[in-house]
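Report on one structure; see the data block that follows.
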Amino acid sequence: MEAVISADIIGYTKLGEEQQNVVLIEIKKLFESIEGVRDNLENNFKIYRGDAVQVEIKNPKEALKIGLLLKAAVTQITFETDSYKRKRPIIDIRMAIGLGNITNKRSLVDESMGRAYSHSGRTLDEMKREKTIFTLKSDTIALDEELNVAFKLLDEILLSWNITSAELMYCLLMGMTEKEIAFKLNISQSAVNQRKKRAGWYGIEALLERYEILIGREL
């Protein structure tokens with residue numbers, strides 16, 4: 001079993017050309033930093049029409065964390081033309097995690113096929129009507145039911161993120177310590193801890209652990 005994330009960047013088409021380029025650079029930079037994706041980036045990752053993203057993930061237990069990193073990367077984006085530090089994000093993202101086999105593997109991600117691809121692509125189309133942020137589709141109904149209930153609650157947390165929340169969550173998901181984050185963001189460690197609480201880190205951390213356990217049972 002492997003995973004495919006299909007995503008739409010909400011609000012991308014309203015940006016100017018230079019701003020759109022900033023978004024694309026930040027997304028590519030993220031995937032260049034992820035082991036298992038960067039090793040064969042051209043074959044594992046694709047941006048379509050500028051606002052649609054698809055990435056193939058060999059280890060499905062990493063899919064939720066990578067999806068959250070993508071959400072944080074997009075949410076924290078600001079532009080040099082901003083006259084002040086924005087608190088609310090300009091753009092957002094919705095994404096579907098598809099789990100299953102990948103058949104007819106091609107040299108380019110958009111030419112590959114399989115259940116993981118069909119699950120993620122079709123589910124993302126359905127999400128556009130439902131206006132949800134995260135959804136998962138696999139061949140196991142019980143797995144989908146449990147995780148998608150949790151993802152409903154996750155959506156509520158993610159909707160509350162501002163830019164500073166996303167900056168912090170990106171660092172945490174990258175495995176940085178509180179001391180390292182405090183230095184990077186130029187804030188105190190106590191401020192890091194307070195931001196973790198406001199951003200819902202402890203609930204997200206528990207969900208990531210549960211997700212890995214459930215996916216591990218399917219492998």
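FYI, it's all coordinate maths here, none of it is from the lab. Everything numeric in this text was worked out from a predicted model, so none of it was measured. Positions of Cβ are backbone-derived with ideal geometry, glycine not excepted, and every protein chain shown enters the neighbour counts.
If we count every other residue with Cβ under 11 angstrom of L64's Cβ, Lys/Arg +1 and Asp/Glu -1, where does the sum land? Don't skip to the end; give the middle numbers.
Details: positive: K61, K65, K71, R210; negative: E62, E209, E212.
My count for the surroundings of L64 gives +1.
Where nothing but the Cβ of Lys and Arg (+1) and of Asp and Glu (-1) is charged, how large is the charge dipole of the range 2-218 around its Cα centre, in debye to the nearest 20? Can you show the working numbers first?
Values: 32 positive and 33 negative charges, 107 e Å.
So the dipole magnitude of the range 2-218 works out to roughly 520 debye.
First measure r as the distance between the Cβ atoms of E130 and S160, then evaluate 1/(1 + (r/R0)^6) with R0 = 22 Å and state the FRET efficiency to the nearest 0.05.
Details: r = 19 Å, r/R0 = 0.86.
E between E130 and S160, to the nearest 0.05, is 0.70.
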- Message: Using each residue's phi in the range 206-219, evaluate 6.51 cos²θ - 1.76 cosθ + 1.60 at θ = phi - 60° and report the 3J(HN,Hα) Karplus result to the nearest Hz, with x for Gly and Pro.
- Response: 5, 5, 4, 5, 5, 4, 4, 5, 5, 5, x, 5, 8, 7
- Item | Where labels lie 7 Å past Cα in the beta-carbon direction, separation of S190 and R210 in nm | 3.3
- Once both label points are put 7 Å beyond Cα along the C-beta direction, the A52-R122 separation in nm becomes 1.7
- Query: Scanning the chain for GluC sites (Glu not before Pro) in DSSP loops with at most 15 other Cβ atoms within 10 Å, what's the longest stretch left with none?
  - Reply: 81-219
